[in-house]
1. Would you mind pulling out the separation of the Cα centroids of the stretch 30-72 and the stretch 227-268, in Å?
2. Pulled fully out, how much extra length does the chain show between Ala234 and Ala222, if you take 0.36 nm times their separation in residues and subtract their Cα-Cα distance?
3. If you average 1/r over all unlike Cα pairs in the chain and invert the result, what Kirkwood radius do you get in angstrom?
4. For Trp324, Trp208, what ranking results if the residue with the fewest other Cβ atoms within 10 Å of its Cβ goes first?
5. Give me the percent relative contact order of the stretch 264-334, please, defined on Cα pairs under 8 angstrom at least 6 residues apart.
6. State the extension gain, in nm to one decimal, for the chain segment bounded by Arg92 and Ser314, taking 0.36 nm per residue of separation less the distance between their alpha-carbons.
7. Go through the cysteines of the chain and tell me which have no other cysteine Cβ under 4.7 Å away.
8. Remind me, relative contact order of the stretch 1-131 in percent, using alpha carbon pairs under 8 angstrom and six or more residues apart?
Amino acid sequence: MPVLPSHAPLVGLGRGPLIESVHYGALAVVDRTGRLLLAAGDPTAQVFMRSSAKPFQALPFVAARGPEHFGLDDADLALICASHGGRPEHTRRVAAMLARAGLTPEALQCGVHPPADPEAATELACRGEKPTALHHNCSGKHTGMLLRARLHGWDTATYLDPDHPVQRDIRAALARFAGLKPEEIILGTDGCSAPNFALPLYHAAWAWARLADPHDLDEPWATAARRITAAMTAHPEMVGGPGRFDTELMRALGPAVVSKAGAEGYQALGIAAGHWPGATGGVGVALKVADGDARNRARGMVALALLRRAGLLSEDIPPNLTRWDPNGPVTNWRGRVVGRAQVWL
């Protein structure tokens, strides 16, 4: 089985005078015209997008005016694109969206895990309740897929089959934005059992650039892209939750940046036009940390270093983002500074 080729050192964690740990990976930064602005490692590496594909998985539903049909608002749409924390504000909204289509949580085929939000998980356990599919971080995405099937009268029991029209249309939409043919996208199965997509980092970044700046796309795709990014940046609390990188970044930078992380060290950004020096139109970033970034620290540091390079962040990181400061301190359990982080770009 091939491995991610040509890793580059991206993040170093220091202790005393030495670099103690290094995260390797690859990234691509691409503008709306497809011009590669910056790369580290191999930007042609085929990588699964995981949950960073969620806005594209929502595109066919939005392009078909599904939100209007079911009376959904922008917070609902942000939740369809989310990896949410399973907080009550998330689970109640997912259940309400399902009910609008005459469905119950039993229709969800994402599986069950405890809430990703520690506070929500503790509260659920203290009440003696077990998690349900509503608490799964992908339940919003699955709800969007189910509503799309309901909208067209398609079978809801098989909505995860790669040959189901819901899934075929998603793959075609992602290919359209990424500048690929659908058959050029490698299919895999995500943690929530939905089809997922591997494509070169370069093409994933191009897709995110066009999501952030879709004015050269045909209708209804341009309108759908604008609505999705507007919903995510207006309701970042639905996209993740308190303390999560996507939520905190969009809280800090507003509509200038749309952000969506994926499992196993993937991170994608869409940067609005006019915010990357020398770029034509919007800019997309696709980043893969090779070791999976289990503590979710490296990808945030690299993302902030890129945004600082673009001029969207100064040396003074907003308080809600300091844990991902690319030049921030490494502290021990007593809070003593024992080293510093470093990002190489």
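Laboratory data are not the source of any read-out in this text; all were calculated from the coordinates shown. Worth saying up front: this structure is predicted, and the values here are computed from it rather than measured. Using ideal geometry, Cβ is built from the backbone for each residue, glycine included, and neighbour counts are taken over all protein chains shown.
1. Value for the Cα centre distance between the two parts: 13 Å.
2. 2.5 nm
3. The Cα-based Kirkwood calculation yields 20.2 Å.
4. Arranged by neighbour count, lowest to highest, Trp324, Trp208 become Trp324, Trp208.
5. About 27 percent, as a whole number.
6. 76.1 nm
7. By the Cβ distance rule, which asks for a partner under 4.7 Å, the isolated cysteines are Cys81, Cys126.
8. Reported relative contact order: 14 percent.
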